[in-house]
2 protein chains.
Amino acid sequence: MGRTSDARSKILHAAQSLMELRGYSALGVAEICKTAGVPKGSFYYFFESKEALALTVLDEQWAAQRRDWERALRGDQEPMLRLRQLFEDTAAAQRAGQATCGTVSGCMFGNLTLELSNQTEPIRQRLQEIFDAQVGMVEDVISAAVERGDVTVTDVRDAARSVVAQLEGQVLFAKLYNDTAPLDALWPNCLALLGARAPESGVAAV
Amino acid sequence: MGRTSDARSKILHAAQSLMELRGYSALGVAEICKTAGVPKGSFYYFFESKEALALTVLDEQWAAQRRDWERALRGDQEPMLRLRQLFEDTAAAQRAGQATCGTVSGCMFGNLTLELSNQTEPIRQRLQEIFDAQVGMVEDVISAAVERGDVTVTDVRDAARSVVAQLEGQVLFAKLYNDTAPLDALWPNCLALLGARAPESGVAAV
């Protein structure tokens, strides 16, 4: 890897860490470059603006998280247990972040949605695409559960959005209290929201 | 009202409007003073720092919203219908904000929680107090519903937190899509989360 692409990668890595912890508006290009250890001139060689960098960070973050979501949601388990896997993975990721940074930093997509989705249209649009994809992946699992007669929902898309909304809401509480305990409610709440019967594999419903 | 207290009130009003739309980090004291139409010197006469101003804005915002929540949640209706009233009021407030500003600005408490609760301890603590109060008010209503046998929950506090989490999550989607339609899910989802039977007053459960 040449020096040039190395600088780009350092900028992206620094921006990802800083945005995860402190959002978007609090950061300046100078701080990102200082953290990355690259001269400010390099920044504008690779990125047109801070907004362009943020869009790239969102893309990379989602590319990585999408792989995790696919692993959880497209496995061989019965559908509801795949959703449980997603919640367990989410809690584990937040606990790992807390162990590293000393603080639960939450979901970068949720954080940026509430910080600035109504201020910049390109970022709003990218966040919409990401949440559309998340809701779509959950929707596929719920559809499979409906086919098996495991859940009772009137609108699968709405149900999927409600499951992701509950996830974002409980992650908000985890961040607020710097405590991942609220994430334990995700699985029983998902069962309740979907009118689910208890899965066969020994997991009791609420 | 003398000139002095007038300036304080103008600063608070400007800060509230700007924070509602753009959060905390994106704002500077100079911009707040310019919007308020007061000289920058006045700012530091009334407020020690931008953080001190933000805490006052949170207090005033919650004092006003608490009155709305009390009106909805401490009425004479049966308990579940009081919760429905809260969701209807929330949707109406977000629609009114959208009509005024052109964009759904969401919940200031949720916005600031995800933007900066892990960055400043005084703001984190104030937001914790506000959400504790919200969850406590919902908890009282759920307790009343439990007494009447209207709902089935294992832990009333956890259930209340889940109802508020669902609210914050759907408000996040309303802000993301600049569309208040996701808030229509709050009532049926609340019934599902609480294992509620349909209230007597002609409202069907999901």
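What is the one condition in (1) part of a loop (DSSP other than H, G, I, E, B); (2) in contact (Cβ under 8 Å) with a residue 12 or more places away in the chain; (3) surrounded by fewer than 16 Cβ atoms within 10 Å (Cβ to Cβ); (4) not acidic (Asp, Glu) that B:Gly75 does not satisfy?
(2)
Please tell me if A:Ala26 is small (Gly, Ala, Ser), without any contact (Cβ under 8 Å) to a residue 12 or more places away in the chain and not in a helix (DSSP H, G or I).
So A:Ala26 passes the test.
Could you say whether any residue in segment B:109-121 is at the interface with chain A (Cβ under 9 Å from one of its Cβ atoms), in a helix (DSSP H, G or I), of a type in the set (Gly, Ala, Ser) and farther than 22 Å from A:Val153 by Cα?
Within segment B:109-121, one or more residues are at the interface with chain A (Cβ under 9 Å from one of its Cβ atoms), in a helix (DSSP H, G or I), of a type in the set (Gly, Ala, Ser) and farther than 22 Å from A:Val153 by Cα.
How many residues does segment A:30-46 contain that are within 23 Å of A:Asn111 (Cα to Cα) and either free of Cβ contacts under 8 Å to residues at least 24 places away in the same chain or in the same structural domain as A:Leu112 (by TED's automatic domain parsing) (or both)? So that I can check it myself, show each step before the final result.
Our first condition is that a residue be within 23 Å of A:Asn111 (Cα to Cα); within segment A:30-46, this holds for A:30-33, A:35-36.
Adding the requirement that they be either free of Cβ contacts under 8 Å to residues at least 24 places away in the same chain or in the same structural domain as A:Leu112 (by TED's automatic domain parsing) (or both) leaves A:30-33, A:35.
The qualifying residues number 5.
Please state which of the following conditions B:Ser143 fails to meet, knowing it meets all the rest: (1) touching a residue at least 60 places away in the same chain (Cβ under 8 Å); (2) among the small types (Gly, Ala, Ser); (3) more than 10 Å from chain A (Cβ to nearest Cβ).
Exception for B:Ser143: condition (1).
Can you say whether B:Thr100 is within 27 Å of A:Ser25 (Cα to Cα) and either modelled with pLDDT under 95 or not assigned by TED's automatic domain parsing to the domain that holds B:Leu167 (or both), as far as the supplied structure shows?
When the stated conditions are applied, B:Thr100 passes them.
Among the residues of segment B:94-129, what is the count of those that are touching a helix residue (DSSP H, G or I) at 6+ places or on another chain (Cβ under 8 Å) and surrounded by fewer than 15 Cβ atoms within 10 Å (Cβ to Cβ)?
Result for segment B:94-129: 2.
Among the numbered criteria (1) at the interface with chain B (Cβ under 9 Å from one of its Cβ atoms); (2) surrounded by 20 or more Cβ atoms within 10 Å (Cβ to Cβ); (3) in a helix (DSSP H, G or I), which one does A:Gln134 miss?
It is condition (1) that A:Gln134 fails.
Look through segment B:172-185, keep the residues that are surrounded by fewer than 24 Cβ atoms within 10 Å (Cβ to Cβ) and not small (Gly, Ala, Ser), and return whichever of them is farthest from the other protein chains (Cβ to nearest Cβ).
Once the filter is applied, the top-ranked residue is B:Thr180.
Per-residue answers, yes or no, for (1) in contact with a Leu (Cβ under 7 Å, 6 or more places away or on another chain); (2) closer than 30 Å to A:Arg124 by Cα; (3) at pLDDT below 95; (4) not aliphatic (A, V, I, L, M):
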site	(1), (2), (3), (4)
B:Asp150	no, no, no, yes
B:Val156	no, no, no, no
B:Val163	yes, yes, no, no
B:Asp179	no, yes, no, yes
B:Leu183	no, yes, no, no
B:Asn189	yes, yes, no, yes
B:Leu193	yes, yes, no, no
B:Ala198	no, no, yes, no
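The values are calculated or read from the model by the stated rules, or taken from the named source; none is laboratory data. As the structure is a prediction and not an experimental result, all values here were calculated from the model. Backbone-built Cβ (ideal geometry, glycine too); neighbour counts: all protein chains shown.
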